[in-house]
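Take a look at the structure set out below.
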Amino acid sequence: MEKVKVGEIFTLIGEDDQEQDIEVLATLTLEGNDYAAVAFADDVREQSQEDMDIFFLKVDSEGDLTGIDDDNEFAKVSTAFSENMG
């Protein structure tokens, strides 16, 4: 499995075909799955951590970032990152 590293930048393509760079702020393994906390790369450079929007994504077996669709899983990941990044 590919490991996602803190500081890596990925390009996401939104629903409107706009490209947006995101930067990995932290990684975490929870219940056997890997997750990444990310923010828009421009925000990371320009804003303090309190001001930027942070998103949590799941890292699949290929090392790709995917959304977390399950509300319970998202809540667990959000809580774990809050405790570790706090």
*Exclusive hit being surrounded by 11 or more Cβ atoms within 10 Å (Cβ to Cβ), without any contact (Cβ under 8 Å) to a residue 24 or more places away in the chain and under 13 Å from the mean Cα position of the chain (by Cα), set LEU57, LEU65*: LEU57
*Does any residue of the range 69-82 turn out to be touching a helix residue (DSSP H, G or I) at 6+ places or on another chain (Cβ under 6 Å) and without any contact (Cβ under 8 Å) to a residue 60 or more places away in the chain?*
no
_It is to be established whether one or more residues within the range 2-11 are within 22 Å of GLU83 (Cβ to Cβ) and of a type in the set (Lys, Arg)._
yes
*Pairs, please: C-beta under 6 Å, at least 6 apart or cross-chain, first residue of a type in the set (Asp, Glu) and in the range 12-31, second open to solvent by 40 Å² or more (accessible area, probe 1.4 Å) and at pLDDT 90 or above?*
GLU19/THR11; ASP21/ILE9; ASP21/THR11; GLU23/ILE9
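The values are calculated or read from the model by the stated rules, or taken from the named source; none is laboratory data. Computed from a prediction, not measured in an experiment: that's the story for all the values here. Heads up, the Cβs are rebuilt from the backbone with ideal geometry, glycines too, and the neighbour counts pull from every protein chain shown. For the accessible areas, the whole protein counts, side chains as well, though only heavy atoms, and no ligand, DNA or RNA atoms are used. Shrake-Rupley method; radii C 1.70, N 1.55, O 1.52, S 1.80 Å.
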